[in-house]
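Inspection log for the structure reproduced underneath, given as structure tokens.
The values are calculated or read from the model by the stated rules, or taken from the named source; none is laboratory data. Just so we're clear, the structure is a prediction, and the values are computed from it rather than from any experiment. Here the Cβ positions follow ideal geometry from the backbone for every residue, glycine too, while neighbour counts run over all protein chains shown. Areas reflect the complete protein model, heavy atoms only, side chains present, ligands, DNA and RNA absent. Shrake-Rupley method; radii C 1.70, N 1.55, O 1.52, S 1.80 Å.
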Amino acid sequence: MSSLIFRSTTKMISPILMLFSVYLLLRGHQLPGGGFIAGLMTSAGLVLIYLAYGCERFDWRHRSRFFYFLFSAGLSISFLTGLAGLFWGGFFLKSGFAHVHMPLINEDWEFASAAIFDFGVYLVVCGVCVSLMTMLGEEK
């Protein structure tokens, strides 16, 4: 049903969307961006592939269990990150940070617990959005 131009464009655009979503995820705890918008960008790339090639090629109906697992894992990671702030900082979702020395680049890197929370949100958004698009696109 989709055209050759749409499929060719999808092959070029979807990897760019995936890389941009990783960029948004990694810079999100200090600057605008983060897990939510990165999850939306990844979902947009996956839905674009779904629209271009259809569910027959990828068999998305059976892979939807994987996206349910992503949702569950992301929700667990986010909740456990919040509990860690409660135990160590006294408040739920209190962010903590540590300085980690990176031997290959010989620099100190600040690691924040908000990055783990953002990763959990990223997994939740990816799981929910792609599952919804899969269910909406199914034929009865």
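When you check F87 against the structure, is it assigned to a helix (DSSP H, G or I), over 26 Å from C129 (Cβ atoms) and at pLDDT 75 or above, yes or no?
Yes; evaluated as a whole, the condition is true for this residue.
Per-residue answers, yes or no, for (1) assigned to a helix (DSSP H, G or I); (2) touching a Pro at 6+ places or on another chain (Cβ under 7 Å); (3) modelled with pLDDT of 75 or more:
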residue: L51; (1), (2), (3): yes, no, yes
residue: E56; (1), (2), (3): yes, no, no
residue: L70; (1), (2), (3): yes, no, yes
residue: A73; (1), (2), (3): yes, no, yes
residue: S78; (1), (2), (3): yes, no, yes
residue: L83; (1), (2), (3): yes, no, yes
residue: K94; (1), (2), (3): no, no, yes
residue: A114; (1), (2), (3): yes, no, yes
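Read through the list (1) open to solvent by 40 Å² or more (accessible area, probe 1.4 Å); (2) at pLDDT 90 or above, then give the number of the only condition that W109 fails.
(2)
Conditions first: (1) open to solvent by less than 100 Å² (accessible area, probe 1.4 Å); (2) within 17 Å of the chain's Cα centre (by Cα). F6 passes all but one, so which condition is the exception?
(2)
For the stretch 81-94, enumerate the residues that are touching a residue at least 24 places away in the same chain (Cβ under 8 Å) and open to solvent by 70 Å² or more (accessible area, probe 1.4 Å).
Result: L93, single match.
Would you confirm, using the coordinates I've provided, whether V125 is outside any helix (DSSP H, G or I) and of a type outside the set (S, T, N, Q)?
no
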